[in-house]
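Structure record follows, encoded as structure tokens.
Coordinate-derived values only; no laboratory data. As the structure is a computational prediction, the values presented were derived from the model and not from experiment. Don't worry about glycine lacking a Cβ; one is built from the backbone with ideal geometry, like all the others, and counts go over all protein chains shown.
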Amino acid sequence: MRLILLTLAFVGAASGYSHFISYHIDSPDVQNRVATIQDDLLEKDALFEKYFEKLTSLHVSVDYLDLNETTIEAAKTALIEAGKKLSSSSVTLRGFGSLAGYLYVNAFSDDNPLLLIKNKESVKATFQTFGIQTSWWWPYVPHMTVANVNGPDQLQLEYKWFNLLFDPRKMGSFEIKSIRLCAWNIPEGDEDYPILAEAFLSL
Ligand SMILES: *[C@@H]1O[C@H](CO)[C@@H](O)[C@H](O)[C@H]1NC(C)=O
């Protein structure tokens, strides 16, 4: 039952929303480690290629939301306000997970086990004061997606990463420096999600 709920929350969280709020990961160390994992997967099955998260787009999502032309400006302002209230932290990435077509690495604050959840609740509350409802994603599972194999190849690809679930490899860490509001659709030829607004945290 718990797995079913988690799965629904995950799928509901990621699909059907036009935008997301996230911590961008620009650590070359994390990028290199993810590249190694992706190369290993690619060796198992060439079909993986089109499902990989780009190394330049690695992030930990904070929340998801649906915006239209009317609400987009308010969302940019809300993000800047939300950024003022957030706590910075170094975040460790370790432990692979797999759910509903997502292969991800769990993310943990090094400073306080509840920090990422508190930040998420704070962002949600700030957006609410601007009249913008974010996702119903619950429970919040902070993670960095490595690949999303949702689609026709899901069954074929999913079991090929199952041995990663027992892989103790460390995936590095990064510092939360900012929070971003991004659109899901990466334009053809671009390397990263379009950034609508970014708020830098005072360190
Ligand atoms: C945009 O979204 C808001 C909030 O969901 C809604 O009230 C509004 O009618 C939408 N506007 C358009 C132009 O779709």
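Given charges of +1 on the Cβ of Lys and Arg and -1 on the Cβ of Asp and Glu, with all other atoms neutral, how large is the dipole of the chain about its Cα centre, in debye to the nearest 20? Walk me through the numbers before you get to the answer.
Working: 17 positive and 25 negative charges, 148 e Å.
In total the dipole reaches around 720 debye.
Note on the chain: helix-only mean residue ellipticity at 222 nm, from DSSP H runs of 4+ residues weighted -39500 (n - 2.57) and normalised by residue number, equals -10000 deg cm²/dmol. Volume per residue of the convex hull around the Cα atoms, evaluated for segment 66-126, comes out as 112 Å³. Applying 0.36 nm per residue to the separation of residue 150 and residue 136 and subtracting their alpha-carbon distance, the gain on full extension is 3.0 nm. Taking Cβ atoms as reference points and 14 Å as the exclusive limit, the residues near residue 175 contribute a net charge of -3, counting Lys and Arg as +1 and Asp and Glu as -1. Round to the nearest 10 and give me the degree value, 0 to 90, for the angle of helix 72-84's Cα axis relative to the longest principal axis of the chain. The two axes meet at around 90 degrees. You can think of it this way: the chain between residue 111 and residue 200 has 30.2 nm of extra reach, that is 0.36 nm per residue less the Cα-Cα gap. Helix 115-129 and the longest principal axis of the Cα set of the chain meet at an angle near 50°.
Using Cα atoms only, what is the angle between the long axis of helix 28-44 and the major principal axis of the chain, expressed in degrees (0 to 90) to the nearest 10? For 28-44 against the chain, the angle is about 40 degrees.
Size descriptors for segment 11-94 (Cα atoms only): Rg and Dmax, in that order, 16.0, 46 Å.
Over segment 75-170, the pair-distance histogram of Cα-Cα distances with 5 Å bins from zero comes to 2, 12, 18, 17, 17, 14, 10, 7, 2 percent, rounded to whole numbers. Straight-distance candidates among the lysines for linking to residue 120, with alpha-carbon spacing under 22 Å and chain neighbours fewer than 8 residues away dropped: 76, 84, 85, 177.
Which shape class, rounded, prolate or oblate, goes with segment 157-201 when its Cα gyration tensor gives a ≥ b ≥ c as root eigenvalues, a/c under 1.5 marks rounded, and past that a/b bigger than b/c marks prolate? Taking the square roots of the gyration eigenvalues as a ≥ b ≥ c, segment 157-201 is oblate. For the chain, what number results from the quotient of the Cα radius of gyration and 2.2 N^0.38 Å? That ratio works out to 0.99.
Note on residue 191 and residue 169: the model spin-label points, each 7 Å out from Cα along the C-beta direction, lie 2.2 nm apart. Check the straight Cα-Cα distances from residue 44 and name the lysines below 22 Å, setting aside those fewer than 8 residues away within the same chain. By straight Cα distance, residue 44 reaches 54, 160, 170.
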